[in-house]
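Reading through the structure tokens given below for one structure.
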Amino acid sequence: MKNFKKFSPHLIVILLFVGISFTYFSPLLQGKLLNMADFTHYKGMSKEVTDFRKVTGNEALWTNSMFSGMPAYQISTNSKGNLIQYISRIISLGIPRPANFLFLYLLGFYLLLLSLKVDYRISAVGAIAFSFSSYFFIIIMAGHMTKAHAIAFLPMVIAAVLYTYRGRMLLGGVLTSLAVALELYANHLQITYYLVLILILIGLVQFVKDFKANNLIDFSKRSGVLILAALLASATSVTRLSTTMEYGAESTRGKSELTNNLDNKTSGLDKDYATSWSYGVAETFTLLIPNFYGGASQGELTTDSETYQEIKRNPNAKQLIKQLPLYWGTQPFTSGPTYAGSIVMFFFIFGLLFVNSEMRVWILLATIMSIMLAWGKNFMPLTDLFLDYFPGYNKFRAVSMILVIAEFTIPLLGFIALNKFLSKKDENYETDIKVKDIKTQKVSHVVVKSKKLRSLNLAFYIVGGLCLIFALMPSLFFDFVGGQDANLAKNGWPIDALQTDRAGLLSADAWRSFIFITLTFGTMWMFLKNKIRSKYVIFIVGILVLADMWPVNKRYLNDDNFERKSKVQVPYQATAADQQILRDTDPNFRVFNQSVSTFNDASTSYFHKSIGGYHGAKLKRYQELIENHISKGNMAVLNMLNTKYFITPKGKVQQNPGAMGNAWFVNKINLVANADAEIMALDGFSPANTAIVDSRFSDQMIIKLDNDQASISLTEYKPNYLKYNSTSPKNGIAIFSEIFYDKGWNAYINGELKPHFRANYVLRGMQIPAGNHLVEFKFEPDSYFVSERIAFASSILLLLLIVFVSIKEFKSS
């Protein structure tokens, strides 16, 4: 009974979190599902491998449905060896997506604040403030599930690390290992990378603190425990980590062998690609005022707007004002701003003025780093430093994503500050002291101003003042001209009216933020004047935070985003062109669909093996092939890729008589010196007769070829297995219309492992002896199969440690 009373407040909070999660995503209770763009893409890109899994129970690990073939590691690959997945499901309480992500946001931040000895009621409000940061809902709306999952576990990792530095090492180490294992299981390395940056700052601040206290031995021990914990956690996810690292070197996140445009290249992504989504310097004010830069690229105005008055004669006017180009920043497009909350920003500035601890140091440093790196191409000195010298940073695109650090640190400091402000231990209120002079007998009054009131007032002047200035004079600072406005004007859009409405959006939201800040300030001021008790302050702040942030998120993720289950689960319907192509019984050929955005589309992959696809990390060489040849209509390249069918822009099917088929023998080898020469040689070559091969594979070449009587044909196809029958009177060189990837594909002749090489920049080539032979390609990546055994053993070890520590803690309690 005693333990129940101790934990009952936390159970009530957890029930509150469950209620909030289901209330926000209430259509789930009606059997509907969230229609997420990236999830729809996922259904298309993963169709081949998920079908294979359903039929065989095994992992394909490779798919030919996208970009002519690529590993499926970052598409849909299960790791049965990682048992931490079951703990992740338990923590989620069986709550369906996407409500489970909101619940995990809430739970993780709540646990972090509790671990810092913040009052549980303030911790609950702080968790709501963190969880309702707009970006966290926008990514759910887009279908970035792994990103949301990783963000949810980030506070748990920080909590465990901070506890390890100040609490019991064994318990802290095991909790850290579990939290990191959950973070890695979420499988979004970019968010995990940002987490590591935070941890580095925490470690540096802790080092300085312990150095000053002459306590470096204890620091070393605790840091060593954390490193061991992280290594064990990494081992549980070694399957995903090893396959990702292996594939990453060959993908668009890896270094190119081409030597053109070197100033733009890094050892990972090209700089212009990595920084495409860079936050504007002034755009940072969206943390405080959501519509500071217009909101989303396709936003909605009312019928009272200037733009509507200009276009109301258009019969589609009421539809047009729902999809207006309101965003006027420098990003290519955006689904919405990064809004941390006006009250949260007020608390953060108050915390900077009021809280005096080492936590404030690393929180401030992390926040500044996050904001300045999010500026990307708008602040290249810092961006270049990280792209060129911080290992792994140049593997990630959308630098604006690093604002998740600020979205974490801002509410963290803010609610630590609120907890300290409401603490009864600090009775430093403003006091009117009467002082009597003994000689003159005169009484004077001395007003002692508390740090609380001084910090509170100054925070209000700064944050509230900024909102008030932007509310009153938005056009004094900005012209509200977007980068695409000139093109919009050519197409008849009333740009002047649109820019006026953008200014109006900023002003309206600035007033909105000002009101919420003023109400919060007033509540805290009344507490200092003993007009209101702390529990009512917490309740009012909680209501105000929800009232502030809930409606903003509903602008971008609301009930309209939900669809009936059948539509979401089967997002693509075969067109007449798809149905015509599907009647072809050939086991393996490719389709070039020009009726969609070929290289940003997954619908074709749902039905066919596509020349294009949708993925953020395709093979680097294939991307270079797209840029240099496929996008320019090089038919020789399309023929060697066995492009049997084209779907025209009007949706008609055209069969390509020049498609080379699955494999063929060539009569000539053109040895070239390097990648530059290799990709250039694809212009004007004849794939039926000539193979272009890098000289590094020269030891596998036959100089004199005569393959006129030779033939080779595909007899069995699976995504991870290909079988051919070969007949040739002489030794020869066969080219296979399959993407070369030597980190797993093995070639066999009559069951004996044989070498194969890269040809025509992306394809496979192989020397085949005279006679009749069985040729097989099997996808057998050691990085997966060996790692699965390591992951299973590590998971067992971690689970045993959790049980051991749990029993130890229970006995000592």
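The values are calculated or read from the model by the stated rules, or taken from the named source; none is laboratory data. Remember, predicted model here, so these are calculated numbers, not experimental data. Neighbour counts run over all protein chains shown; Cβ positions are idealised from the backbone, glycine included. We work out accessible area using only protein heavy atoms, side chains counted, and drop any ligands, DNA or RNA first. Shrake-Rupley method; radii C 1.70, N 1.55, O 1.52, S 1.80 Å.
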Report summary line: From DSSP H assignment alone, runs of 4+ in the chain each adding -39500 (n - 2.57), the sum over residues rounded to the nearest 500 puts [θ] at 222 nm at -16000 deg cm²/dmol
Query raised in the report: Under unit Cβ charges (Lys, Arg +1; Asp, Glu -1), what dipole magnitude, rounded to 20 debye, does the chain have relative to its Cα centre?
Result: 3200
Query - Lys730 long-range amide H proximity, modeled H, under 5 Å - result: Gly771
Requested in this report: Name all residues of the stretch 333-377 having a backbone nitrogen under 17 Å from the label point set 7 Å from the Cα of Gln298 along its Cα→Cβ direction, giving them as ranges.
Outcome: 333-337
Report task. Grab the Cα-Cα distance for Tyr193 and Asn731, subtract it from 0.36 nm times how many residues apart they are, and report the gain in nm with one decimal. Result -> 188.6 nm
Report summary line: Between the residues Gly542, Ser795, Ser728, the Cα farthest towards the positive end of the dipole of the chain, that dipole coming from +1 and -1 charges on the beta-carbon of Lys, Arg, Asp and Glu, is from Gly542
Query raised in the report: Each residue of the stretch 279-290 in turn: what ³J(HN,Hα) in whole Hz from Karplus with 6.51, -1.76, 1.60 and θ = phi - 60°, glycine and Pro shown as x?
Result: 6, x, 4, 5, 5, 4, 5, 5, 4, 9, 10, x
Query raised in the report: If each of Val55 and Glu627 carries a label point 7 Å out from its Cα toward its Cβ, how far apart are those two points in nm?
Result: 3.6
Query raised in the report: Expressed in nm², what is the orientationally averaged projection area of the convex hull enclosing the Cα positions of the stretch 67-116?
Result: 5.6
Query raised in the report: In nm, what is the difference between 0.36 nm times the number of residues separating Ser267 and Ala317 and their Cα-Cα distance?
Result: 13.1 nm
Requested in this report: Report the FRET efficiency, 1/(1 + (r/R0)^6), for Met526 and Leu228, where r is their Cβ-Cβ distance and R0 is 45 Å, rounded to 0.05.
Outcome: 0.35
Query raised in the report: With contacts defined as alpha carbon pairs under 8 Å and 6 or more residues apart, what's the relative contact order of the stretch 289-402 in percent?
Result: 22
Report summary line: Set Lys47/Lys255; Lys43/Lys322; Lys377/Lys618; Lys271/Lys620, cut-off 20 Å on Cα-Cα distance; pairs above it are Lys47/Lys255; Lys43/Lys322; Lys377/Lys618
Query raised in the report: Among the aspartates and glutamates, which have Cα under 17 Å from the Cα of Lys265 when same-chain residues fewer than 8 positions away are ignored?
Result: Glu250, Glu257, Asp384, Asp388, Glu624, Glu627, Asp676
Query raised in the report: What length, rounded to one decimal in nm, is gained on full extension from Lys5 through to Arg454, with 0.36 nm per residue of separation minus their alpha-carbon distance?
Result: 157.8 nm
Report task. Show which aspartates and glutamates lie in cross-link reach of Lys212 when reach means a straight Cα distance below 19 angstrom and same-chain residues fewer than eight apart are skipped. Result -> Glu358
Report summary line: For the chain the mean separation of alpha carbon contacts under 8 Å (6+ apart) over residue count, i.e. relative contact order in percent, is 16
Query raised in the report: Under a point-charge model restricted to the Cβ atoms of Lys and Arg (+1) and Asp and Glu (-1), what is the dipole moment magnitude of the stretch 601-697 relative to its Cα centre, in debye to the nearest 20?
Result: 340
Query raised in the report: In square angstrom, rounded to the nearest 10, how much accessible surface does Ser475 have for a 1.4 Å probe?
Result: 80
Report task. Kindly work out what percent of the DSSP beta bridges joining two residues of the chain are antiparallel, to the nearest 5. Result -> 85
**Report entry** Label point distance in nm, Phe333-Phe697, each placed 7 Å from Cα along Cα→Cβ
**Finding:** 3.8
Query - Phi-based couplings in Hz for the stretch 620-634 (Karplus 6.51, -1.76, 1.60; Gly and Pro marked x) - result: 4, 5, 5, 4, 5, 5, 4, 5, 8, 9, 4, 5, 9, x, 5
Report summary line: Mean separation of Cα contacts under 8 Å (at least 6 apart) over the residue count of the stretch 56-199, i.e. the relative contact order in percent, is 20
Requested in this report: With only Lys, Arg, Asp and Glu charged, each at its Cβ (+1 for the first two, -1 for the last two), find how big the charge dipole of the stretch 466-607 is about the Cα centre; round to the nearest 20 debye.
Outcome: 920
Report task. Give me the lysines in straight-line cross-link reach of Lys650: C-alpha distance below 22 Å, same-chain residues under 8 apart excluded. Result -> Lys609, Lys632
Query raised in the report: Counting only the heavy atoms of the protein chains, how much of Glu246 is accessible to a 1.4 Å probe, in Å² to the nearest 10?
Result: 50
Query raised in the report: Taking a label point 7 Å from the Cα of Ser597 along the Cα→Cβ vector, which residues of the stretch 307-341 have an amide N closer than 19 Å to it?
Result: 323-337
**Report entry** Most to least packed among 270-278, 749-757 [average Cβ atoms within 10 Å]
**Finding:** 270-278, 749-757
Report summary line: Longest principal axis of the chain (C-alpha) makes with the long axis of helix 216-236 (C-alpha) an angle, in degrees to the nearest 10, of 40
Query - Carbon and sulfur %, accessible surface of the chain computed with the full protein complex present, 1.4 Å - result: 58
